[in-house]
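K.L.:
If you scroll down you'll find the structure; I have some questions about it.
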Amino acid sequence: MSAGPDTPARVLLRDRGVVTVAPDATLGEAAREMQRRAVGSALVMHDEQGFVGIVTERDLLRAVAASRHPDQASVEEWMTADAITIGPDTTAPNTASTLVQRLVAAGLLEREPDAADRRAMRLRLTPAAHARIDAWRQRRQEVLDHALAGLRPADREGLRAGLPALRALLAELEAGAGRSS
């Protein structure tokens, strides 16, 4: 699914297999295209404005959790519009600097001089950032509790019985990641 006329940027995105959708597409249309192309997100491209946001699987879940039918909700309504973007020639330090600047401007991060090195700055989460993280964690727990409550008792017990094996698998994967580096 593509949005708008073939501009050089759109041709580049298409040639690289990037999924794009128009802001007025429905979430259902976006989800079907993302599923067809086996991706978890799509760039939202406006005919005149170009890139205006990104729609992800998480956005789709938010809409469904809010009892919105995907074929009756627009991408524009649920997309992330304030996505941080970088160009292909942007270096990692510039990317990190851009992210820090945006988080500081949003009141989520504070910079303070490093007492040991005047050239360096220390970054610290603000109370607003901690509150946001706490809210995300609480919401995640509520979603998990709700989903678990919907399972049959035998299924919940099956999950509980499988936890030791999953913990062992995670430990092995983490140990293996350290060995392969």
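K.L.:
Using just the helices of the chain, give the 222 nm mean residue ellipticity in deg cm²/dmol: DSSP H runs with n ≥ 4 each add -39,500 (n - 2.57), and the total is spread over all residues, rounded to 500.
P.N.:
Values: 7 runs with 97 residues, N = 181.
So the helix-based figure for the chain works out to -17000 deg cm²/dmol.
K.L.:
Give me the Å³ per residue figure for the convex hull around the C-alpha atoms of the chain. It would help to have the intermediate numbers written out before the result.
P.N.:
Values: hull volume 38.8 nm³, N = 181.
Value for the chain: 214 Å³ per residue.
K.L.:
Let me ask you something else. In what sequence, highest mean first, do 36-49, 162-175 appear when ranked by Cβ atoms within 10 angstrom? Walk me through the numbers before you get to the answer.
P.N.:
On the way: 36-49: 15.1, 162-175: 9.8.
Order by mean packing, descending: 36-49, 162-175.
K.L.:
Using unit Cβ charges (K, R positive; D, E negative) and no other charged atoms, how large, in debye to the nearest 20, is the dipole of the chain about its Cα centre?
P.N.:
Values: 24 positive and 25 negative charges, 139 e Å.
I would put it at about 660 debye.
K.L.:
If I take the Cα coordinates of the range 91-181 and project them onto the principal axes, what are the three extents in Å, biggest first?
P.N.:
Extents along the principal axes, in whole Å: 58, 36, 26.
K.L.:
Counting only C-alpha contacts under 8 Å and six or more residues apart, can you give the relative contact order of the range 8-78 as a whole percent? Can you show the working numbers first?
P.N.:
Details: 96 pairs, mean separation 25.2, N = 71.
Reported as a whole number, the value is 36 percent.
Since every read-out is calculated from the coordinates, none of them should be taken as a lab result. Just so you know, these numbers come straight off a predicted model, no measurement behind them. Cβ coordinates were reconstructed from backbone atoms using ideal geometry, including for glycine residues, and neighbour counts include every protein chain displayed.
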